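The values are calculated or read from the model by the stated rules, or taken from the named source; none is laboratory data. Predicted model only: the values in this text are computed from it and were never measured. As a convention, Cβ positions derive from the backbone with ideal geometry for all residues, glycine included, and neighbour counts pool all protein chains shown. In case anyone asks, the SASA skips ligands and DNA or RNA and just uses the protein heavy atoms, side chains included. Shrake-Rupley method; radii C 1.70, N 1.55, O 1.52, S 1.80 Å.
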Amino acid sequence: MELDNVTRPVGQAQPLSDEDRRFLRELVETNRIEHHGRLSYMDIMFDLEHRYGNSLPGPVLGEVARLVGTSPAQLNGFVTFYTMLSTAPRGKHVVRVCTSGPCHVSGAPAILSSLRQLLGVGIGETTPDGEFTLEGSSCLGICGVSPALMIDDDAYGNLTPEDLPRILDTKRAGGAQ
Amino acid sequence: METRMLNVRINGRDYQVPDGTTILKAAREYAKIDVPTLCYLEGISEEGACAICVVEVKGARNLQRACVVKVGEGMEVWTNTSRVREARKLNVELLLANHPKDCLMCEKSQICDLRELASELGVREVEFPRTRTDLLPLDNTSLSLVRDPNKCVLCRRCVNVCAKVQSVYAIDIMGRGSNSTVSTFLDAGLGNVECVNCGQCLLVCPTGAITERSEIPDVWKALGDPDKIVVVETAPAVRVAIGEEFGMPDGTQATGKMAAALRSLGFDKVFDTDFSADLTIMEEGFELIGRIKNGGTLPLITSCSPGWIKFAETFFPKVMDHVSTCKSPQQMFGTVTKTYWAEKMGIDPRKIVVVSVMPCTAKKFEKERPEMKTAFHYWQEKLGLKDEESFKDVDCVLTTREAAQMIREAGIDFASLPDEDFDKPLGESTGAAVIFGATGGVMEAALRTAYEVITTKSLAKLDFEDVRGLEGIKSADVDIDGMTLKVAIANGRGNARVLMEQVQKGESPYHFIEIMCCPGGCLGGGGQPISDNPDIKKRRAEAIYREDAGKPIRKSHENPEVKEIYKDFLGEPNSEKAHHLLHTEYCDRSCE
Ligand code: SF4
Ligand code: SF4
Ligand code: SF4
Ligand code: FES
Ligand code: FES
């Protein structure tokens, strides 16, 4: 019998390629071995974001839920609990500007507003060329060099608005710090 | 080992409670002092999420949550100091800051715990400003339920019932802090995920955040349409619960008043789903007998409960051949009304509106299943109908609560109505049909018929006590004239999962399994009145068995109208025509 849209559980409808499926299966298995039979959901999510352009597509999450033996809703609950994970598509690079207290007093607002200008997008938005997504973040744990931000896995501290164009350009060119 | 007893002083008086007792339990059960709660649901949801139950404990700096903190030796507890009262009030005010405060129009207003708390604690104004600028969108995707996240207080009861009792895990808390909501995978909505529409989450929700998709307006419209013949059918479990909505004692058998009330609402015929329950027993009983005799797939599993069916299609699609192909009584009723009865009465089936009153929210989903248009296919050729003219077997489903609401809207004084009978022929039923409403009932009804058909002897004692009772899983060996029939019964899907895993592994020792989606069976369904009596299911079950015992006919195969429909219309049980009209097919919803 044909399923109609009303009754299809999205969590289990996966228009995934065989290659995706193989990748996911192996990812979960490797993770299980690395953690001695248990699973680190966080590591799995980071690996997924690497592969799927900084976001976690729904069908991928649905398949992963099945592979790790949890329900799609519960996995979704886990993912949305952490602000650094996203189910919405994001740019190639994710810029996270710390907006917590220490950074705030040492100039985070100025950093944020000049990033807004440079990138032409607001918090939570992605540049039209798909390069950068701008996000606010709570404390990044490097308050000693506040104001701070992270782009992908790289941290930048003691920032002034003048530093920003160069940092963005290097990132755009594919380099790190 | 003896449990150690602890000394505890509550509000200045001394008590002894067993080690491990929470302050809440100590207060309520030992000291007989009520401590208000909101999120707490014994044994199911004990997360300490709402902080309404706070009490003062001597020596502790902060107020303690009575529902999670256990009594310690020599503990001194105060449940009603001004600090406690202020804190509770403050917590309710915080919950109300973003709350719509629609109590006048809210479906749950008569039974809303939040509204009651606010009034008990004397909340007169909310000092906190709204922090949410927009209203969150409703989840309108489900055919059975509507979720309004704006009225949600994040107590997690629904999440825990769905996971721990029903084993579906369709919902969870999404996001964190003040932005969190209870939602489904990808916010796709209940209608687009594994949710099986059981409505157990609705029953436990302390606010108006979860309600059924109301079909009251559609039914009023049909009743007001002079061209329509509007027929109502009532499920077995409704008659022993609907009285609660009108202040009658729990466990009242309100069958006669219910029939009278529905007639007063203007239904042209007041029929009974019990008739088609008897029909279900004929079809399912003979299916069982056939499978046993011919070496068919066993165990056979019952199929009356649409929440269970969707659960099976989602989680156990590979073993659907174990599930009986019989339609549920509701759907059999719709089909029979629009074929057999229409033909017999010479009524154009397109004029008939079938309304069913059900203890169940999943029935609203079931009636919309695309294959549930058998009567239309039956007539299509005869009347030369085009595909666009298709009609459903069952048009509207009202929950017990909705039916009661309509009765109230019409100003009918339910409790003082005279007892009336159902109309004939589709109102004739037996005791076997009545017990469908309790877990184990379908099994017992089927056994009564299977026994007599297989042995051609008549049963000395009709009561199969072994299959009765509210335990989650029951099993029994039934002796049928030397042959041992192994049967099992599960209610609530956590329990169903246990039996199904055996079936999936090919290790099930049983011949016949009854599965009901909801705890207690239909009498505990998601469409039933919401009760705060912990024994409510027991009371309703007792009423069901009393009703059965008082019926002149108690075996489905002896229902005279059932005999007649086979003679005049269907032929034999499981005949080709019966198969065509009364049986159905399933789909695989796992998409693996
Ligand atoms: S959920 Fe309760 S408090 Fe909220 S509007 Fe409804 S009745 Fe009022
Ligand atoms: S209706 Fe049943 S399955 Fe659906 S969310 Fe509620 S408890 Fe879970
Ligand atoms: S929907 Fe109801 S039961 Fe579920 S968390 Fe919200 S208030 Fe609690
Ligand atoms: S406050 Fe910004 S890094 Fe800690
Ligand atoms: S009832 Fe104790 S925290 Fe909610």
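Between A:Arg32 and A:Ser17, 0.36 nm times their residue separation minus their Cα-Cα distance comes to what?
Details: separation 15, 0.36 × 15 = 5.40 nm, distance 2.28 nm.
Fully extending the segment from A:Arg32 to A:Ser17 adds 3.1 nm.
Other chains near B:192-198: what is the mean number of their Cβ atoms within 10 Å of each residue's Cβ? Walk me through the intermediate numbers first.
On the way: counts 8, 10, 7, 2, 1, 0, 0.
Whole-number average of other-chain Cβ neighbours for B:192-198 is 4.
How big is D, in µm² s⁻¹, for the stretch A:93-172 by Stokes-Einstein at 25 °C and 0.890 mPa s if Rh is the Kirkwood radius over C-alpha pairs?
Details: Rh = 12.2 Å.
Rounded, D is 201 µm²/s.
Step by step: find N for the stretch B:234-322, compute 2.2 N^0.38 Å, then divide the Cα radius of gyration by it. What's the final number? Could the numbers behind the result be given before it?
On the way: Rg = 18.0 Å, N = 89, 2.2 N^0.38 = 12.1 Å.
In units of the 2.2 N^0.38 Å rule of thumb, it is 1.49.
Not counting ligands, DNA or RNA, and with a 1.4 Å probe, what is B:Trp341's accessible surface area in Å² rounded to the nearest 10?
Looks like 0 Å² after rounding.
Per residue of B:166-174, what is the mean number of Cβ atoms on other protein chains within 10 angstrom of that residue's Cβ?
Counting other chains' Cβ atoms within 10 Å and averaging over B:166-174 gives 5.
Which peptide among A:77-86, A:92-101, B:433-442 comes first, and what is the full order, when sorted by highest mean count of other Cβ atoms within 10 Å?
Numbers: A:77-86: 17.5, A:92-101: 20.6, B:433-442: 31.4.
Per-residue Cβ counts within 10 Å, averaged per peptide and sorted highest first, yield B:433-442, A:92-101, A:77-86.
Compute the distance in nm between two label points, each set 7 Å from the Cα along the Cα-to-Cβ direction, one at A:His50 and one at B:Leu383.
So the two model labels end up 6.4 nm from each other.
Per DSSP H run of n ≥ 4, the term is -39500 (n - 2.57); total these for chain B, divide by its residue number, and report the mean residue ellipticity at 222 nm rounded to 500 deg cm²/dmol.
On the way: 19 runs with 178 residues, N = 592.
After summing the helix terms and dividing by the residues of chain B, the value is -8500 deg cm²/dmol.
Going toward the positive end of the dipole of the stretch B:8-129, with +1 on Lys and Arg Cβ and -1 on Asp and Glu Cβ, which of B:Cys50, B:Ala31, B:Trp78 do you reach last?
B:Trp78
Of B:Lys101/B:Lys537; B:Lys327/B:Lys563; B:Lys228/B:Lys344; B:Lys363/B:Lys563; B:Lys364/B:Lys537, which ones are farther than 29 Å apart at the Cα? Don't jump to the answer; show the numbers that get you there.
Values: B:Lys101/B:Lys537 32 Å; B:Lys327/B:Lys563 19 Å; B:Lys228/B:Lys344 17 Å; B:Lys363/B:Lys563 27 Å; B:Lys364/B:Lys537 22 Å.
Exceeds cut-off: B:Lys101/B:Lys537.
By per-residue mean of other Cβ atoms within 10 Å, what is the highest-first order of B:397-407, B:119-129?
Details: B:397-407: 23.9, B:119-129: 11.7.
Highest-to-lowest ranking by the protection proxy: B:397-407, B:119-129.
Restricting the calculation to Cα positions, tell me the Rg (one decimal) and the Dmax (whole number) of the stretch A:18-81 in Å.
10.8, 30
Sticking with the crude label model, points 7 Å out along Cα→Cβ, report the distance from A:Ala88 to B:Leu136 in nm, one decimal please.
So the label points at A:Ala88 and B:Leu136 sit 1.6 nm apart.
Working from Cα positions, state the angle (0 to 90°, nearest 10) between the long axis of helix B:255-265 and the longest principal axis of chain B.
Once rounded, one gets 90 degrees.
Taking the stretch B:138-203, which trypsin sites (Lys or Arg not before Pro) meet the DSSP loop condition and have no more than 12 other C-beta atoms within 10 Å? Kindly include the intermediate steps, with their values, before the conclusion.
Numbers: sites: B:Arg147, B:Lys151, B:Arg156, B:Arg157, B:Lys164, B:Arg176; in loops: B:Arg156, B:Arg176.
Those that pass, being in a loop and sparsely packed, are B:Arg176.
For a protection proxy built on the mean count of beta-carbon atoms within 10 angstrom, sort B:235-242, B:315-322, B:288-295 highest first, please. Provide the component values of the computation, followed by the final result.
Numbers: B:235-242: 29.8, B:315-322: 16.8, B:288-295: 14.6.
Put in order of decreasing packing, that is B:235-242, B:315-322, B:288-295.
Tell me which residues come under 5 Å, amide H to amide H, from B:Val323 once H is placed; ignore anything under 5 positions away on its chain.
Hits under the 5 Å cutoff: B:Ile301.
Got a sec to turn the phi values of the stretch A:83-97 into Karplus ³J(HN,Hα) couplings, 6.51 cos²θ - 1.76 cosθ + 1.60 with θ = phi - 60°, whole Hz, x for Gly and Pro?
So the Karplus estimates, Gly and Pro as x, are 5, 7, 9, 9, 8, 8, x, 10, x, 4, 10, 10, 9, 10, 9 Hz.
Once the Cα gyration tensor of the protein assembly as shown is diagonalised, what are the square roots of 5 times its eigenvalues, in whole Å and ordered largest first, as equivalent ellipsoid semi-axes?
Numbers: eigenvalues 521, 221, 140 Å².
In descending order the semi-axes read 51, 33, 26 Å.
Mean separation of Cα pairs under 8 Å and 6+ residues apart, divided by the residue count of chain B: what relative contact order is that in percent?
On the way: 1160 pairs, mean separation 89.4, N = 592.
Over chain B, the number comes to 15 percent.
List the cysteines of chain A that have no other Cys Cβ closer than 4.7 Å: which are they?
By the Cβ distance rule, which asks for a partner under 4.7 Å, the isolated cysteines are A:Cys139, A:Cys143.
Can you give me the relative contact order of the stretch A:18-81 as a percent, contacts being Cα pairs under 8 Å and 6 or more apart?
Details: 31 pairs, mean separation 16.4, N = 64.
So the answer I get is 26 percent.
Using a cut-off of 16 Å between alpha-carbon atoms, which lysines can reach B:Lys505, once sequence neighbours fewer than 8 places away in the same chain are excluded?
Of all the lysines, those that pass the test against B:Lys505 - Cα under 16 Å, at least 8 places apart if same chain - are B:Lys318.
How would you classify the stretch B:130-211 from its alpha-carbon gyration tensor, with a ≥ b ≥ c the square roots of the eigenvalues: rounded for a/c under 1.5, else prolate if a/b is greater than b/c, otherwise oblate? Please list the in-between numbers first.
Values: a/c = 1.56, a/b = 1.42, b/c = 1.10.
Prolate.
The stretch B:483-531: which trypsin sites (Lys or Arg not before Pro) are DSSP loop and have at most 10 other beta-carbon atoms within 10 angstrom? Display every interim value, and only then the final one.
Details: sites: B:Lys486, B:Arg493, B:Arg497, B:Lys505; in loops: B:Lys505.
Of the trypsin sites (Lys or Arg not before Pro), the ones in loops of the stretch B:483-531 whose Cβ has at most 10 other Cβ atoms within 10 Å are B:Lys505.
Between B:Ala415 and B:His580, what FRET efficiency comes out of the Förster formula 1/(1 + (r/R0)^6) with R0 = 45 Å and r the beta carbon distance, rounded to 0.05?
Numbers: r = 44 Å, r/R0 = 0.97.
E(calc), rounded to 0.05, equals 0.55.
Report the Rg/Rh value for chain B, based on alpha-carbon coordinates and the Kirkwood definition of Rh. Can you show the working numbers first?
On the way: Rg = 25.4 Å, Rh = 25.5 Å.
Answer for chain B: 1.00.
Go through the stretch B:398-407 residue by residue and turn each phi into a ³J(HN,Hα) via Karplus (6.51, -1.76, 1.60, θ = phi - 60°); whole Hz please, and just put x for glycine and proline.
Per-residue couplings from phi come out as 10, 6, 3, 4, 5, 4, 4, 4, 5, 5 Hz.
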